[in-house]
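Read the structure below first, then the notes.
The values are calculated or read from the model by the stated rules, or taken from the named source; none is laboratory data. As the structure is a prediction and not an experimental result, all values here were calculated from the model. Here the Cβ is made from the backbone with ideal geometry for all residues, glycine too, and neighbour counts use every protein chain on show.
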């Protein structure tokens with residue numbers, strides 16, 4: 001079930017009907033740190049209840065909900081089938097249409113797994129892509145859920161995990177590109193962070209990882225093709241789902 005907060009206040013629309021949006025990096029985790037709305041003072045995250053415990057939806061899952069509420073068919077991607085099923089069950093009740101939420105278990109570091117995903121997508125709708133993969137997607141088990149560490153405490157595996165998000169994005173793009181180029185119009189939203197352009201203390205690994213993704217995406221969007229790229233840079237991650245739906249529907 002969905003623990004209603006922002007999502008139940010979004011009016012449904014058909015603005016994105018006829019579009020299928022693949023959202024990579026969907027998941028959730030137990031509620032720990034809470035961000036608060038600077039206007040209302042209320043918690044700004046979106047939650048679902050899993051086995052009696054409140055879970056905080058990550059950016060990919062919350063964005064999936066907003067896109068579906070605006071009429072899109074959403075295809076969620078994660079490495080956890082259990083999480084995907086739990087998210088779908090919750091969002092189905094919110095959206096009111098079980099056919100709008102699809103999902104696939106995919107390893108974005110495995111080209112064969114990505115090809116299976118691309119080949120499985122029906123040709124009945126134009127396909128867009130939202131890349132929301134990050135450490136919360138399970139690519140690395142962050143100790144104490146804290147990637148912000150002094151240099152002497154940084155595990156090289158953490159840095160590899162941060163940088164691997166760009167590698168996974170490149171693998172997905174390479175396999176997805178032929179399908180996207182066949183369409184009259186294609187749009188891609190890459191969700192990254194202000195950490196890509198602003199360094200800060202204890203942010204070495206996170207800043208490096210986000211900068212790599214940002215520069216990759218900026219280079220990709222300079223290509224002369226019909227694909228529209230949107231880069232979302234924000235430290236206020238709870239605002240991302242709303243930004244994504246506005247940009248995807250009105251660009």
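Scanning region 205-230 for residues that are at pLDDT below 85 and in contact with a strand residue (DSSP E or B) (Cβ under 8 Å, 6 or more places away or on another chain) yields 221, 226, 227, 228, 229, 230. Looking only at residues of region 56-72 that are over 15 Å from the mean Cα position of the chain (by Cα) and surrounded by fewer than 24 Cβ atoms within 10 Å (Cβ to Cβ), we find that the one that is nearest to residue 121 (Cα to Cα) is 71.
Being outside any loop (DSSP other than H, G, I, E, B), touching a residue at least 40 places away in the same chain (Cβ under 8 Å) and surrounded by 21 or more Cβ atoms within 10 Å (Cβ to Cβ) is not true of residue 118.
Every residue, every condition in (1) surrounded by 12 or more Cβ atoms within 10 Å (Cβ to Cβ); (2) more than 21 Å from residue 63 (Cβ to Cβ); (3) without any contact (Cβ under 8 Å) to a residue 40 or more places away in the chain, yes or no:
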| position | (1), (2), (3) |
| --- | --- |
| 148 | yes, yes, no |
| 151 | no, yes, no |
| 154 | yes, yes, no |
| 166 | yes, no, no |
| 195 | yes, no, no |
| 199 | yes, yes, yes |
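Of everything in region 145-164 that is assigned to a helix (DSSP H, G or I) and more than 22 Å from the chain's Cα centre (by Cα), the residue that is nearest to residue 133 (Cα to Cα) is 157. All conditions but one from (1) buried (at least 21 other Cβ atoms within 10 Å of the Cβ); (2) assigned to a helix (DSSP H, G or I) apply to residue 23; the one that does not is (2).
When restricted to residues that are in a helix (DSSP H, G or I), more than 19 Å from residue 230 (Cβ to Cβ) and at pLDDT 85 or above, region 169-204 contains 5. The strands (runs of 3 or more DSSP E) found entirely in region 35-94 that carry 2 or more residues being touching a residue at least 12 places away in the same chain (Cβ under 8 Å), in contact with a helix residue (DSSP H, G or I) (Cβ under 7 Å, 6 or more places away or on another chain) and under 19 Å from residue 20 (Cβ atoms) are 73-78.
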